[in-house]
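Enquirer: I'd like to ask some things about the structure below.
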Amino acid sequence: MTPNGAAIRSIREARGMSLRRLARLIDRSPGFLSHIETEDDGASDETLDRIATYLAVPIEAITREKTRDQEDPGLRT
């Protein structure tokens, strides 16, 4: 799964939750969560599951499907 950082930030802010609070809840550093939200870093499936749980949304609300090119660069033409 690929995180949708803008969606994570938007939902978090709509819930009135600070970045620090969500980071603490998911047992990650605020800096790491910030990097996920700005899409400078990816996130494990476990981390994305934790984020979805604490934001009370389905995982699909905070992820993007990888394109075929991203999954297997050898398929590019």
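Enquirer: If you roll a 1.4 Å probe over segment 1-64 with all protein chains in place, what percent of the accessible area is carbon or sulfur? Write out the running numbers ahead of the final one.
Expert: Working: 1630 of 3470 Å².
Within segment 1-64, the accessible surface is 47 percent carbon and sulfur.
Enquirer: What's the extension gain from Ala6 to Tyr54 if we count 0.36 nm per residue and subtract their Cα-Cα distance?
Expert: Using 0.36 nm per residue and subtracting the Cα-Cα distance, I get 15.6 nm.
Enquirer: Ordering Ile11, Ile62 by accessible area with a probe of 1.4 Å, largest first, what comes out? Write down the numbers at each step before the final one.
Expert: Details: Ile11 30, Ile62 0 Å².
The ranking, largest first, comes out as Ile11, Ile62.
Enquirer: Would you mind computing, in nm to one decimal, how far apart the modelled labels at Arg15 and Arg64 are, each placed 7 Å from Cα along Cα→Cβ?
Expert: A separation of 2.2 nm, rounded to one decimal place.
The values are calculated or read from the model by the stated rules, or taken from the named source; none is laboratory data. The shown structure was predicted, so the numbers you read here are calculated from the model rather than taken from an experiment. Backbone-built Cβ (ideal geometry, glycine too); neighbour counts: all protein chains shown. SASA here: full protein model, heavy atoms, side chains in, ligands and nucleic acids out. Shrake-Rupley method; radii C 1.70, N 1.55, O 1.52, S 1.80 Å.
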